[in-house]
Ligand SMILES: Cc1cc2nc3c(=O)[nH]c(=O)nc-3n(C[C@H](O)[C@H](O)[C@H](O)COP(=O)(O)OP(=O)(O)OC[C@H]3O[C@@H](n4cnc5c(N)ncnc54)[C@H](O)[C@@H]3O)c2cc1C
């Protein structure tokens, strides 16, 4: 049966971007959100120009208070490697509100203050669960995910940043910490515990520090089931966030493109299989995340010394070989990490 009525649960990035893409394809979906007004959930707010260009919303520049030419990966000994890519920190709440206004202007229906209590009460040909990490629709589908806690402080400081900064240092996080400048403020956070963020901030000695807001939230990934009958999942409800970078917004965009194509071709039944075979859900991520978590600071320092000043997207064979010969990683681990990182670079931010 061709899909006509589409209901999206959730007006976060996944719901809004999917809604705009459906409108662009000629459908008129309805978005329901329990909030009285749209407010972003906690996020580092980092996104690349490549990902933004795929969102059918033209005037995003007013919602991107900080532009960077590159991301910087900082090792425990202070050495730095780079990923040259134009990227931004977004002001998510104002950007989402503008996308919601555009969604309505183009004919979509947005019902705020509408909490879905029972999925069975929803009547539509297709119900899209974009209702975040604790998704009600996800429970009805039977999705299971892994989770990690993220904690972030919004601060003011005269800190001199160098691009969008990722700190790979196991003293603070089993994965990474970040400082993302955002106009007059900074988003400073990590994957892990609040007390370790306090230590990270103290050790960085951020000048003229003023803490404006402290927040923590959940990041789900490794979704296992994203479709059942006329229910499909996207965004955090689906667990499509990148397991390595924990970037979720770009995944929402790529997954929305698959979903809209499935709806257009009247092949919604293929959605899960197509998402699971796309690089946003590459099987290499599972092992790559394990290897990334097991690398210690002494190996990171050695790798940092070899990579210092280099562009990670253009590493030559000799450098890769040096890392393997230096005993920092096994050749198979190196291959897996490189492959997963190249997918993450392309599809996760
Ligand atoms: C600390 C942290 C840092 C991050 N940093 C980045 C980053 O820098 N870049 C990046 O790309 N990603 C980042 N992410 C991930 C990113 O924030 C998420 O992947 C993304 O917000 C998921 O969007 P979503 O629309 O799926 O879910 P959400 O943003 O959670 O939106 C879900 C919406 O559904 C609504 N809803 C929920 N239940 C119901 C219901 N029963 N009825 C009606 N409405 C409902 C909610 O009100 C909400 O508006 C980060 C996450 C965290 C926690």
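The values are calculated or read from the model by the stated rules, or taken from the named source; none is laboratory data. Everything numeric here is computed off the predicted structure, so don't read it as measured data. Cβ placement follows ideal geometry from the backbone for every residue including glycine, while neighbour counts extend to all protein chains displayed.
Summary table below
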quantity: Scope segment 124-175; condition in a loop (DSSP other than H, G, I, E, B), closer than 27 Å to residue 230 by Cβ, more than 10 Å from the ligand (Cβ to nearest atom) and in contact with a strand residue (DSSP E or B) (Cβ under 8 Å, 6 or more places away or on another chain); matching residues; calculated: 124, 125, 142, 143, 145
quantity: Residue match in segment 205-228 (condition: modelled with pLDDT under 95, surrounded by fewer than 24 Cβ atoms within 10 Å (Cβ to Cβ) and assigned by TED's automatic domain parsing to the domain that holds residue 159); calculated: yes
quantity: Of all residues making up segment 49-65, the number that are in a loop (DSSP other than H, G, I, E, B) and surrounded by 13 or more Cβ atoms within 10 Å (Cβ to Cβ); calculated: 7
quantity: Cross-chain or 6+ apart pairs with Cβ under 6 Å, segment 47-70 first and touching a residue at least 24 places away in the same chain (Cβ under 8 Å), then part of a loop (DSSP other than H, G, I, E, B) and surrounded by fewer than 18 Cβ atoms within 10 Å (Cβ to Cβ); calculated: 52/60; 65/183; 66/183
quantity: Residues of segment 185-231 that turn out to be without any contact (Cβ under 8 Å) to a residue 40 or more places away in the chain and not in a strand (DSSP E or B), as a count; calculated: 9
quantity: Lone qualifier among 17, 8, 38 - being part of a strand (DSSP E or B), within 13 Å of the ligand (Cβ to nearest atom) and crowded, with 19+ Cβ neighbours inside 10 Å; calculated: 8
